[in-house]
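Trainee: Handing you a structure now.
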Amino acid sequence: MSPGAGSRWIKPEIWPLFAAVGTAVGLCGFTMFRSITAHPDVRVNKGDRAAGYLENFEEGEQFKEHAFRRFLSDKHPEIFHTINKIFSERE
């Protein structure tokens with residue numbers, strides 16, 4: 001390849017696409033890693049799989065109510081809080 005081949009194939013207009021796809025792949029990888037390592041129903045090694053179905057409801061609740069969900073639990077679901085407040089106030 002010639003020295004200019006990289007600039008011919010990787011154009012500046014493509015970097016936002018690389019960023020979006022890279023972010024999506026990173027989030028998917030994080031979710032897969034979290035599910036494999038922390039989910040109470042996933043057992044990777046053979047000894048744990050031999051135990052069969054476990055009724056561990058407390059562990060499942062701990063997995064479901066993670067720190068980010070606890071952080072968002074008392075927040076009001078608004079995207080543009082200031083704009084909604086401006087337009088909803090009565091004069």
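We did not get these values from a lab; they are worked out from the coordinates using the rules stated. Fair warning: this is a prediction, and the values are worked out from it, not measured in the lab. Don't worry about glycine lacking a Cβ; one is built from the backbone with ideal geometry, like all the others, and counts go over all protein chains shown.
Trainee: Could you compute how fast segment 5-88 diffuses translationally, taking Rh as the Kirkwood radius over C-alpha pairs and applying Stokes-Einstein at 25 °C with viscosity 0.890 mPa s? Give it in µm² per second. Provide the component values of the computation, followed by the final result.
Mentor: Details: Rh = 17.6 Å.
After rounding, the answer is 139 µm²/s.
Trainee: Then there's this: State the answer as a single residue: which of ALA24, PRO77, VAL42 lies farthest towards the positive end of the charge dipole of segment 5-88, with beta carbon charges of +1 for Lys and Arg and -1 for Asp and Glu, about the Cα centre.
Mentor: Positive-end residue among those listed: ALA24.
Trainee: With charges set only on the Cβ (+1 for Lys and Arg, -1 for Asp and Glu), what does the dipole of segment 5-88 come to about its Cα centre, in debye to the nearest 20?
Mentor: With Lys and Arg at +1 and Asp and Glu at -1, about 460 debye.
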